[in-house]
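Enquirer: Questions regarding the structure given below will be posed in turn.
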Amino acid sequence: MKPLIFVFALLANCFASNWAVMKAEPSLEKETMMLTPEWLTEHIAESLRDAYQHLEGDMEVELVRSKPPVEIPKGEPYLELTSLPSGGLRSRVLLHYHLKIDEQVVHSDTVPVVVKLLQEVFVANRRLQRKEPVRLDDLTLTTMDVLSSRDKPIHPSTDLSVYELNYTILEGTVLSDRYLKLSPAVYRGDKVTGWIKRGLLEINLKLEALEEGAPGQMIRLKNPSNRKTLRGIVQDENTIIIP
């Protein structure tokens, strides 16, 4: 009987020693944290704002497809875009990013996102005819996503008084460069002064405009004295520079 008691006592001491060692060893498991899709889109938007600071307006980002939360080691994570969209920012882009903690990459992924850039733009509040002058009374300022627009809208600070409509546009149309052209300063049949400069020599001619033109545009002109056709650059309603 005594030998059995001795064996049991020896086994009990071994188990106790092993348990003490196990308790003394530190846990090898690291603490983790979960990053939500909301955190991801917020920080992608922040990175895009930093990269495209020249773009005015409010930027919003949405994931094209829902994603589960990302599990990473506990710490202070930050997001780094590894590249920007080629060809500039668009409404739908594919972005690759790293999540880093203390300069160490802890997670990488590629996600398709929808980007919105909200800006104030001019919208026609009635049907506007071709060759009409552009008046602020005919326009309404509204906020819209300009990345989803086919054309680049005119900036609200643009001096519209020098433009006229290049096309007829419908009510609700966003005003863009495509629909505008500079109002002519010279019209066909106008009598203008053409200036020829050759060094210190300056010659002026009385000419007739054969077509309309805005400042900076080159138009055809006729010299009534010899009926020759010339070309000149419109300066204003009276002055043409003959290069």
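Please treat every number below as a calculation from the coordinates, not as lab data. This is a predicted model, so every value here is computed, not measured. Heads up, the Cβs are rebuilt from the backbone with ideal geometry, glycines too, and the neighbour counts pull from every protein chain shown.
Enquirer: For region 96-187, which strands (runs of 3 or more DSSP E) that fit wholly inside it have 1 or more residues that are among the hydroxyl-bearing types (Ser, Thr, Tyr) and closer than 23 Å to MET218 by Cα?
Expert: Numbers: elements: 104-124, 139-145, 163-165, 180-182.
It comes to 163-165.
Enquirer: Can you name the number of the only condition in (1) in a strand (DSSP E or B); (2) out of contact with any strand residue (DSSP E or B) (no Cβ under 6 Å at 6 or more places or on another chain); (3) over 20 Å from GLU132 (Cα atoms); (4) not hydrophobic (A, V, I, L, M, F, W, C) that SER225 fails?
Expert: Status for SER225: all satisfied but (1).
Matching residues to (1) free of Cβ contacts under 8 Å to residues at least 60 places away in the same chain; (2) of a type outside the set (A, V, I, L, M, F, W, C); (3) in contact with a helix residue (DSSP H, G or I) (Cβ under 6 Å, 6 or more places away or on another chain); (4) farther than 30 Å from LYS30 by Cα:
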position: ILE72; (1), (2), (3), (4): yes, no, no, no
position: TYR78; (1), (2), (3), (4): yes, yes, no, no
position: LEU94; (1), (2), (3), (4): yes, no, no, yes
position: SER149; (1), (2), (3), (4): yes, yes, no, yes
position: SER157; (1), (2), (3), (4): yes, yes, no, yes
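Enquirer: Here's a follow-up. Residue by residue through region 197-220, note down the ones that are among the β-branched types (Val, Ile, Thr) and either assigned to a loop (DSSP other than H, G, I, E, B) or within 17 Å of ASP236 (Cβ to Cβ) (or both). Break it down stepwise before answering.
Expert: As a first pass, look at region 197-220 and keep what is among the β-branched types (Val, Ile, Thr): 203, 219.
Answer for region 197-220, where residues must be among the β-branched types (Val, Ile, Thr) and either assigned to a loop (DSSP other than H, G, I, E, B) or within 17 Å of ASP236 (Cβ to Cβ) (or both): just ILE219.
Enquirer: From the list ARG231, ARG188, ARG198, which one is under 43 Å from the mean Cα position of the chain (by Cα), over 24 Å from VAL134 (Cα atoms) and not acidic (Asp, Glu)? Write out each step before concluding.
Expert: On the way: ARG188 fails: over 24 Å from VAL134 (Cα atoms); ARG198 fails: under 43 Å from the mean Cα position of the chain (by Cα).
Just one listed residue meets the conditions, ARG231.
Enquirer: Would you confirm, using the coordinates I've provided, whether ARG135 is touching a helix residue (DSSP H, G or I) at 6+ places or on another chain (Cβ under 8 Å) and either small (Gly, Ala, Ser) or loosely packed, with under 15 Cβ neighbours inside 10 Å (or both)?
Expert: When the stated conditions are applied, ARG135 passes them.
Enquirer: Sticking with this one: So if I check each of ARG135, ARG92, which one is closer than 30 Å to ASN166 by Cβ, under 14 Å from the mean Cα position of the chain (by Cα) and basic (Lys, Arg)?
Expert: Matching residue, one of ARG135, ARG92: ARG92.
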